[in-house]
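What follows is a single structure, written as structure tokens, with notes after it.
The values are calculated or read from the model by the stated rules, or taken from the named source; none is laboratory data. Treat the numbers as computed from the prediction; the structure is a model and nothing was measured. For neighbour counting, all protein chains shown are included, and Cβ atoms are generated from backbone atoms with ideal geometry for every residue, glycine included. For the accessible areas, the whole protein counts, side chains as well, though only heavy atoms, and no ligand, DNA or RNA atoms are used. Shrake-Rupley method; radii C 1.70, N 1.55, O 1.52, S 1.80 Å.
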Amino acid sequence: MPLLFALVLLQDTDATAAPPAAAASSNALLEMVHNSGPVAFAVLILLAFASLFSWTIMISKWRSFGAARRRSSGFLRAFRKSGRLSEISAIADQFKPSPLVSVFSEIHDEYARQNNGRGLPRNPIALERAAATASSEALTAMEQRMTWLATIAAIAPFIGLFGTVWGIIDAFHGLGTAGAATLRAVAPGISEALITTAAGLLVAIPAVVGYNQLTAQLRDFGSRMDDFGRELLNAIENAAMLSNPNEDARPAEPRRRGF
């Protein structure tokens with residue numbers, strides 16, 4: 001849950017419904033947040049927006065990656081059941097945003113440019129380059145805004161630490177001004193300052209976990225696209241050797257691999 005929503009829920013908690021200890025702890029936390037200095041409060045606001053932004057990125061990526069995975073599974077089934085490359089090309093747009101569609105379209109277009117999609121390709125290396133280019137472009141599109149998530153995960157603890165250091169400096173300055181060298185005098189200021197460190201960790205930990213999980217999914221998409229590109233090239237070559245060169249190339253029965 002984003003830090004901003006957490007603060008709102010804490011503020012709206014019914015003290016009568018909560019146990020006395022929990023209610024006192026929540027009230028103390030809200031009081032410390034309310035009594036924070038302008039720098040600490042600005043740090044908390046900044047971390048709240050960073051948390052909301054990171055959760056927005058993670059949720060949107062999980063949804064888009066899930067849709068791409070489902071579409072890729074359907075495209076693979078259609079590819080392995082279809083008899084001709086022209087048939088697959090006609091229905092490929094139905095399976096977007098699958099990254100496999102981009103790989104197929106790039107290879108199919110290059111194959112058509114070489115010899116109108118018939119017979120053995122004159123330049124297989126060009127087909128391999130087309131597959132690599134399509135895979136790279138698809139991964140680049142899927143990686144959009146991932147750098148923001150990594151940045152938030154990296155700097156959120158330091159932003160919280162800045163608020164803590166500033167709050168401690170302010171607490172000791174007030175202690176020196178008051179002249180009362182007691183723990184009771186300095187403890188409230190230090191506890192308020194430490195809230196920013198906790199807030200920074202609450203922002204950074206979900207962002208780190210989400211970034212690592214999404215990066216693992218991107219690596220999986222990359223390997224799947226590479227495997228599909230090789231599978232499609234093998235299907236084109238096998239079909240061209242087994243069929244009449246004057247006929248449209250038929251993809252041979254590929255090895256089965258789920259997505």
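Of all residues in segment 98-131, those satisfying the criterion of being farther than 17 Å from M241 by Cα and open to solvent by 60 Å² or more (accessible area, probe 1.4 Å) are E106, D109, R113, I125, E128, R129.
R71 meets all of the listed conditions (1) touching a Phe, Trp or Tyr at 6+ places or on another chain (Cβ under 6 Å); (2) charged (D, E, K, R); (3) not in a helix (DSSP H, G or I) but one, namely (3). For segment 194-202, does any single residue satisfy the condition of being in a helix (DSSP H, G or I), open to solvent by less than 90 Å² (accessible area, probe 1.4 Å), at pLDDT 90 or above and not aliphatic (A, V, I, L, M)? Yes, there is a match, as at least one residue in segment 194-202 is in a helix (DSSP H, G or I), open to solvent by less than 90 Å² (accessible area, probe 1.4 Å), at pLDDT 90 or above and not aliphatic (A, V, I, L, M). All of (1) farther than 17 Å from E143 by Cα; (2) in contact (Cβ under 8 Å) with a residue 12 or more places away in the chain; (3) loosely packed, with under 14 Cβ neighbours inside 10 Å hold for R77 with one exception: (2). Of all residues assigned to segment 4-26, none qualifies as being open to solvent by 80 Å² or more (accessible area, probe 1.4 Å), modelled with pLDDT of 60 or more and part of a helix (DSSP H, G or I). Only residues that are out of contact with any Gly (no Cβ under 8 Å at 6 or more places or on another chain) and assigned to a helix (DSSP H, G or I) were counted in segment 86-107, giving 15. If you go through segment 30-68 and keep only what is open to solvent by 60 Å² or more (accessible area, probe 1.4 Å), assigned to a helix (DSSP H, G or I) and at pLDDT below 80, you end up with E31, H34, P38.
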